Each structure stands twice: as structure tokens, then as C-alpha cells.
Amino acid sequence: TSLPVARTHATAGPAALLLSAAHRMACLSLATFVFWLLVLQNAGVVLLMRYTRATRGESDYVPQVVVLTIEVAKLAVCAAVLCVGEGFGPVCTGFLRQSAQSAVPALLYLLQNNIIFFAISRIDAPTFQVLYQSKIALTALLSVLMLGRRLSARQWLALLL
């Protein structure tokens, strides 16, 4: 089957333009929804981590087990999605090769998640969130200093906001 060819605005009729505008609005609405969902998720994770680490008693748990469980669950979900999308045979060889290539970053991420649990147990949630988000500005600064990248005035302004 052939794919439909997209029509330009000059050749599109009024119905196609309306459909195109409706599609753009739907995508914008979806993007806005996903944005707020991610904001809620990021704030919720920090608050829940802080709450569960601050309360003592029956809810005590070992943070390393939580981090390892999360990583194993993500691995299982990724493998399942790949198997469904690509088929089992080609996925195994490609998945193993890619897993080996990303082992060092994955281990660093595992270490980072353990440090996050350590930090959230010792400082309040707003302070943690500000410090945790400062990694973006630090990454930009280091990319300028170490890699010689140039950031525009707009990018610096975005970092400050």
C-alpha cells in the first residue's frame, strides 16, 4: 500500500486546512497534558520519597532494593516492547549488544539513584528539588567550559529561569 502524500497549504482545500488545524490543536493539547503529567510525576516522586524516608516504623525499606527493582522492571518492559514490535529473534542479539554498550552509563545511573535516596533522607524536599535541578545549569556551564560550546543569550536566559 502506498502512503498518502501530504498536501501543502497552497493546494489544500478548506476542509484539509481545518483538519490540519484540528490535528495541530490535538497535538498541542496532548503535549500540554504530557507536560503537566511529567511535572506532577517529578514533584510526586520527590515528595513520596521524602515522606517514606522520613517516616520510621513499618514502612522502612532498603533503598538499594527499590532502585534495583525499578531498573529490573524497566529492563523487562523495554525487552517486552522490543519483542512485541520486532519479533523475538532479532531483538535478542541487538538487545544484548546495546545492553553491553550502555552498561557503564546504566551503572552510573544506578549509583545516581542510590545517592538520590541518600540525599532525600537527609534534606527537605524543596531543597533537594532545587539542588537536583541545578544539574541542568551545571551541565550547560561545563559544556561551555570543557567542550567549548557556545550558548546563545536565549539559552542562558532559559537556564536562569
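The values are calculated or read from the model by the stated rules, or taken from the named source; none is laboratory data. These figures come from a predicted structure and were not determined experimentally. Cβ sites come from the backbone with ideal geometry, for glycine too, and all protein chains shown count toward neighbours. Quick note on the areas: whole protein, heavy atoms, side chains included, nothing else; ligands and nucleic acids left out. Shrake-Rupley method; radii C 1.70, N 1.55, O 1.52, S 1.80 Å.
For the range 111-138, residues that are open to solvent by 60 Å² or more (accessible area, probe 1.4 Å), in contact (Cβ under 8 Å) with a residue 12 or more places away in the chain and not in a loop (DSSP other than H, G, I, E, B) total 4. Kindly check whether there is at least one residue in the range 139-147 that is under 20 Å from the mean Cα position of the chain (by Cα) and surrounded by 10 or more Cβ atoms within 10 Å (Cβ to Cβ). Yes, the conditions are met somewhere in the range 139-147. Applying the condition of being of a type in the set (F, W, Y) and either touching a helix residue (DSSP H, G or I) at 6+ places or on another chain (Cβ under 7 Å) or assigned to a helix (DSSP H, G or I) (or both) to the range 52-110 and asking which residue is modelled with the lowest pLDDT yields F88.
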